[in-house]
Amino acid sequence: VFIVAAKRTPFGTFGGKLSGKTAIDLAEVAAKAALASQNIDPKIVDSVVVGNVISSSSVDGGYIARHASLRVGVPNDKTALTVNRLCGSGFQAIVNGIHDITMGDSKVVLTIGTESMSQAPFYVRNIRFGTKLGQPINLEDHLWGSSVDMYCKTSMDHLWGSSVDMYCKTSMGQTAENLAEKYEISRDESDKFAFQSQQRWKNAQENGYFSNEITPVTIQVRRQDVHITVDEHPRPQTTLEQLSKLPSVFKKNGTVTAGNASGVNDGAGSVILASEEALKLYNLTPLARLVGYGIAGVEPTIMGIGPVPAIQKVLKVSGQSLNNIDLVEINEAFSPQTLACQKELQIDPSKLNVNGGAVAIGHPLGASGSRITSHLVYELKRRNAKLGIGSACIGGGQGIALLIESL
């Protein structure tokens, strides 16, 4: 299975420039750009798979895959599917696309990861069939619910604790604190990693390293079209001193702060897959080959370690060792979480998140896997490198990883 096109939108801040765009709007922009970048006719697409977490963020969110498919010109008789593996949804869309092709159901698959966290709604329960006089009515924040594991009662989101696993009663931020304690990761290490993420993004932006992967999003400002071309969330002016002064959020004297955790964001990415037969049939030029993938489960209270077994799994099935991998991307849900994965796998820091990660760029839940995959495609080419792994931890205790080979 081959990657024949990959594009993403800039990532917007929470309530920022892209907040007026729905997840479907953003998906449309990314998908149209991916198709146009390689002159791919949408009529040859056999199926569409969209990764998305907060489907209630727009009125037609439940139709997101089908509507995105129709908006970009995929024929009516082709199929569409929405998948939700939380923070791994963008990667999962690609995995489902791989399944479609390897099973012979499709030759060309349009995959998308998209999220508008700004448009996550508030909602009210238990009023559908009437209420009693004086009954309190409570608004629930869907953004909170999308980031909270109610099994372990753990929240994930650094702003509100809005990522909570209610099974283990632990917020996602607390799971990162658990890893910091287990792997003896200090607040200073976490802040230095966050600072590095910002500075690496700054260097990449100034040198045009994102130019091939990003497509503009057009918004209206005072009735004028404005083209958004740069990620809105990074703060390259941030200093270590400023980071060190921020209070810890989830634990007294802890490691996780608003400055060393991922952002709450809006954005989308699209990766188009094709079979070897489709390359010849439609004269498509492959950018990369999908070598394999790994998905694994872990203890929910340390969900951030999920990339470790997922990466180990994909290395095993592909017959590779980490020493042979040129670039590794681990979604930066929290700095201590990513550092824990780095320590466990003994990843060379010079290979890890070389142009910054989610601490700087942001983490629109369903879109990050698509962003990371797109970035690997172009960064491997830029460096004349061969192999790259993209991965993410997943709330509830999972990890997902893809291995790609640049062509």
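Tell me the Kirkwood radius of the range 291-407: reciprocal of the mean inverse pair distance over distinct alpha-carbon atoms, in Å.
13.8 Å
If you place +1 on the Cβ of every Lys and Arg and -1 on the Cβ of every Asp and Glu, how big does the dipole about the Cα centre of the range 71-119 come out, in debye to the nearest 20?
It works out to roughly 60 debye.
Please compute the length gained on full extension between D77 and L133, using 0.36 nm multiplied by the number of residues separating them and subtracting their Cα-Cα distance.
This chain segment gains 15.1 nm when fully extended.
Do any trypsin sites (Lys or Arg not before Pro) in the range 246-352 lie in a DSSP loop with no more than 11 other beta carbon atoms within 10 Å, and if so, which?
K252
So which residue, out of A268, A258, A194, gets the largest mean-square fluctuation from a GNM of the chain using Cα contacts under 10 Å as springs?
Greatest mean-square fluctuation among the candidates belongs to A258.
Could you calculate the FRET efficiency of A385 with R235 from 1/(1 + (r/R0)^6), where r is the beta carbon distance between them and R0 is 25 Å, rounded to 0.05?
About 0.30, to the nearest 0.05.
When the dipole is taken about the Cα centre of the chain, and only Lys, Arg (+1) and Asp, Glu (-1) are charged at their Cβ, what size is it in debye, to the nearest 20?
340 debye
Have a look at A288, A278, F334 and report the one farthest towards the positive end of the charge dipole of the range 248-407, computed about the Cα centre with Cβ charges (Lys/Arg +1, Asp/Glu -1).
F334
Give me the distance between the Cα centres of the range 329-403 and the range 257-287, rounded to whole Å.
Taking the Cα centre of the range 257-287 as reference, the centre of the range 329-403 is 14 Å away.
Once label points are set 7 Å from the Cα along Cα→Cβ at both Q346 and S244, what is their separation, rounded to one decimal in nm?
Once both label points are built, they end up 3.2 nm from each other.
Subtract the Cα-Cα distance of H99 and V226 from 0.36 nm times their separation in residues, and report this length gain in nm to one decimal.
41.8 nm
Between E276 and N253, 0.36 nm times their residue separation minus their Cα-Cα distance comes to what?
Extra length from E276 to N253 when fully extended: 2.9 nm.
For a quick check of understanding: with a 1.4 angstrom probe and all protein chains in place, what accessible area in square angstrom does K7 have, to the nearest ten?
Accessible area, nearest 10 Å²: 30 Å².
Looking only at A340, A358, A261, which one moves most when the chain is put into a Gaussian network model with springs between Cα atoms under 10 Å?
The residue with the greatest mean-square fluctuation here is A340.
For the chain, give the percent of accessible area contributed by carbon and sulfur heavy atoms, probe 1.4 Å, rounded to a whole number.
49 percent
Divide by every residue of the chain the summed helix terms, -39500 (n - 2.57) for each DSSP H run of at least 4, and state the resulting mean residue ellipticity at 222 nm, rounded to the nearest 500 deg cm²/dmol.
Counting only the DSSP helices, I get -9500 deg cm²/dmol.
With every protein chain left in place and a probe of 1.4 Å, what is the accessible surface of D141, to the nearest 10 Å²?
Counting only protein heavy atoms, the figure is 40 Å².
Could you state the accessible area per residue of the range 256-407 in Å², with a 1.4 Å probe and every protein chain left in place?
For the range 256-407, the per-residue accessible area is 28 Å².
The values are calculated or read from the model by the stated rules, or taken from the named source; none is laboratory data. What you see is a predicted model, and the numbers here were worked out from it, not measured in a lab. All Cβ positions, even for glycine, are placed from backbone atoms using ideal geometry, and neighbour counts span all protein chains on display. Ligands, DNA and RNA are stripped out before the accessible areas are found, and what is left, the full protein with its side chains, is counted by its heavy atoms. Shrake-Rupley method; radii C 1.70, N 1.55, O 1.52, S 1.80 Å.
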